[in-house]
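*Asks:* Before I ask anything, here is the structure I am working with.
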Amino acid sequence: MEALLLGPLGPILIFFMRICDVSLATVRMLMIMRNHRLLAPLVGLVEVLIWIFAAGTAIRHLDSPWHILGYAGGFAAGNWVGMLLESRLALGMASVQVFSPTHGSQVVKLLREMGLGATTFTGQGMNGHLEVVHSVVKRRDIRTAMAAVHRLDPDAFVTVSEVSAIQYGWLFPKRQK
């Protein structure tokens, strides 16, 4: 095994191990932030096992610029892959607010037809009266919801933000423990 890691495949193996462990670290941190209490530690276990092997191999070959480059390059690529993975997994919930001067009631109706909860209230914007529609959606449904809203009201101002906790409501009628 040592001969394999010392040769030209060593830096490549380190590179791909770093992609794996850094990607897992990104996903693990997001799972922690979204309170995935069982899955986050398991991902962390696999992440650290891979890291120990990659770091140990790179440290044993500090005299090789290729091994060091494989380690550093894998870290950089792992960040990119981790962000890509997280966007594909789309874990958690998001808060969507739609500000519409003319189509608020239609937006509420549309979101509810899509199976999403929606609350509306009136507001005063820079140019006068408007309706504000608020909905909490699964992150993987954000694009679909926003596309539907913009087909109905292309001028709507929409904000999306992370939701860290939800209690009660139509999504969770019973208290979460």
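The values are calculated or read from the model by the stated rules, or taken from the named source; none is laboratory data. The structure presented is a predicted model; accordingly, all values stated were derived computationally and were not measured. Note that we place each Cβ from the backbone using ideal geometry, even for glycine, and neighbour counts take in every protein chain shown.
*Asks:* Can you name every residue in the stretch 93-117 that is part of a loop (DSSP other than H, G, I, E, B) and either among the small types (Gly, Ala, Ser) or touching a Phe, Trp or Tyr at 6+ places or on another chain (Cβ under 7 Å) (or both)?
*Replies:* Gly115, Gly117
*Asks:* Further question: Between a residue in the stretch 120-144 that is free of Cβ contacts under 8 Å to residues at least 60 places away in the same chain and crowded, with 16+ Cβ neighbours inside 10 Å and any residue that is assigned to a strand (DSSP E or B) and acidic (Asp, Glu), which pairs come within a Cβ distance under 8 Å, given they are 6 or more apart or on different chains?
*Replies:* Thr120/Glu131
Quick grid of which residues meet (1) outside the structural domain of Lys138 (by TED's automatic domain parsing); (2) at pLDDT 95 or above; (3) touching a Ser or Thr at 6+ places or on another chain (Cβ under 8 Å):
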residue: Phe16; (1), (2), (3): yes, yes, no
residue: Arg37; (1), (2), (3): yes, no, no
residue: Ala55; (1), (2), (3): yes, no, no
residue: His103; (1), (2), (3): no, no, no
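*Asks:* Out of curiosity, is Ile59 free of Cβ contacts under 8 Å to residues at least 60 places away in the same chain, outside the structural domain of Ala145 (by TED's automatic domain parsing) and over 20 Å from the mean Cα position of the chain (by Cα)?
*Replies:* yes
*Asks:* Could you name every one of the strands (runs of 3 or more DSSP E) located completely within the stretch 118-176 that has at least 1 residues being of a type in the set (Phe, Trp, Tyr) and at pLDDT 90 or above?
*Replies:* 119-125, 157-163
*Asks:* Also, I was wondering about something else. Given the criterion closer than 30 Å to Cys20 by Cβ and basic (Lys, Arg), identify the matching residue among Arg140, Arg151, Arg112.
*Replies:* Details: Arg151 fails: closer than 30 Å to Cys20 by Cβ; Arg112 fails: closer than 30 Å to Cys20 by Cβ.
Unique residue meeting the criteria: Arg140.
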